[in-house]
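The next block holds one structure in the form of structure tokens; read it before the comments.
Just so it is clear, none of the values below were taken in a lab; they were calculated from the coordinates. Predicted model, so just to flag it, every value in this text is computed and none were measured. Because the Cβ atoms are built from the backbone with ideal geometry, glycine has one as well, and the counts that use them run over all protein chains shown.
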Amino acid sequence: MSTKADSVRLYKVRKLISELSNKEGRGTELVSLYIPPKKPVHEAIANLREEWGTAGNIKSDTTRNHVQDALTKTMQRLKLYRTAPDTGLVIFAGALPTNGPGSEVVNVYEIIPPKPVAQYLYQCDDHFHVEWLKDMLKEDKVFGLLSIDASDAGLGILSGDSLEVADVLTSGISGKTRKGGQSARRYERGREMELTYYYHRVAEHATRVFIDSNKVTGMIVGGPGPTKDEFLKGGFLHYELQNKVVAVLDLGYSGREGVRELVEKAGDILKDVRLVEEKKLVQKFLFEVNKQGGLAVYGLPRVIEALQKASTEVVLVSDDLDMVKLEARCKKCGTVKSETVQASKRIHQRQEMASVPCTKCGATDFEVTEKDIVDVLEEMAFQVGSKVEVISTGTEEGSMFKSFGGVGAILRYRS
């Protein structure tokens, strides 16, 4: 999966999955449609027409109407395409209640998936089949990280924007003796036996973490001193993992801290891993923020101002910002008023905006729409040739960035 340019698309897919996972229809009314890349759309429409006809046999008038309405709206959406996009097309459609039974409205959700759809799939069920879309979020590259010396070892998993220290174990081996004579030789033999036992333990843990639990695609080993090399040359590591070692690095630490240091030092090897890209973006932002006259701003009002002046290079947004922009358009005179609020407060704010008379004509009949703040920023950024990057809050850098309000921008120039 490409990582550098896809953070907004992945954010939208995750948000859609989260939104639709808990939706339930009355009976088998919810349509899930997956169309592979380059499939002629007219073929998919022909298939749906057949399904529309079959749905006419449903005994329940309500269920029949809901299914046929969902299929009709899906076909209408498909007519906007000649062929499916490069990765295919996913559409979910169905009648969902807005205020209890009898208030169902047919909604259509359309998304271009992050990976190619493998095959044509159509399902009509009491829930949306998002599991296939969820599978597309799994990272192609998963790295196993092992930091080791004679005192302890740390095992980590790096996948996309996630770094997990999965295991830490200590060797229990005492330090080298300075005594001479026979006792020193016995001590060294005993220490070598302890070290061999420790290496076997590390190898067993590595097999469990990197093969049984995670199926890593590559492995990076590091640590201070010669221990890492002795471990690898001794043939302790499972042969599958031995063949996946892409780098061996000298570190200042082992154990838990060593795992984090591996990510820092393996930047070139891990350049296509999302976590590394995010670290670079946040570190650049922090550098500019802390520099007098630096090229960075933060806070939604200042970022929007910078976008309006076309001075932004890249906009950073925390993945859990969860804000929406509400717009209320007067149906009589067309006057628009807008507010940006936390998503949890949008229902109350919608009602409040609709209840306050229009400042121009005094009417109280409004059409209120809402848009995720990431979509708003993406549209503004596109207009001025900037881009938006969504930053995970599950990382150390992401948490630091969130402390600036979850919205920031690196600038091209000071305006």
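Of note:
- Segment TYR413-GLN123, length gained on full extension (0.36 nm per residue, minus Cα span): 99.3 nm
- Taking 0.36 nm per residue of separation and subtracting the Cα-Cα distance, full extension of the segment from ILE45 to ALA247 would add 67.7 nm.
- Value of relative contact order over region 1-155, rounded to a whole percent, pairs C-alpha under 8 Å and six or more apart: 33 percent
- Note on LYS215 and THR62: with the Förster distance fixed at 51 Å, the Cβ-Cβ geometry gives a FRET efficiency of about 0.65.
- Applying a threshold of 26 Å to the alpha-carbon distances of LYS284/LYS387; LYS23/LYS371; LYS23/LYS138; LYS23/LYS141 flags LYS23/LYS141 as lying beyond it.
- Over the chain, relative contact order from alpha-carbon pairs under 8 Å, at least 6 apart, %: 15 percent
- Qualifying GluC sites (Glu not before Pro) in region 20-121, DSSP loop, other Cβ atoms within 10 Å at most 14: GLU24
- Reported to the nearest whole Å, the Cα centre-to-centre distance from region 196-271 to region 340-415 is 43.
- Per residue, the average separation of C-alpha pairs within less than 8 Å and at least 6 apart gives region 274-415 a relative contact order of 43 percent.
- One decimal place: the segment LYS291-GLN76 gains 72.1 nm when fully extended, by the rule 0.36 nm per residue minus the C-alpha distance.
- Normalised convex hull volume, region 142-272, alpha-carbon set, Å³ per residue: 93 Å³
- Hydrodynamic radius by Kirkwood, which averages 1/r over all alpha carbon pairs of the chain, in angstrom: 25.5 Å
- Cα gyration tensor shape for region 7-135, rounded if a/c is under 1.5, else prolate or oblate: oblate
- Efficiency of FRET between THR196 and ARG14 - r from beta-carbon atoms, R0 51 angstrom, step 0.05: 0.65
- Net charge dipole, the chain: roughly 700 debye, given to the nearest 20, about the Cα centre with Cβ charges of +1 for Lys and Arg and -1 for Asp and Glu.
- Here region 7-135 is treated with +1 on each Lys and Arg Cβ and -1 on each Asp and Glu Cβ, and its dipole about the Cα centre works out to around 500 debye.
- Flagged links, alpha-carbon separation over 24 Å, of LYS279/LYS402; LYS233/LYS280; LYS79/LYS115: LYS233/LYS280
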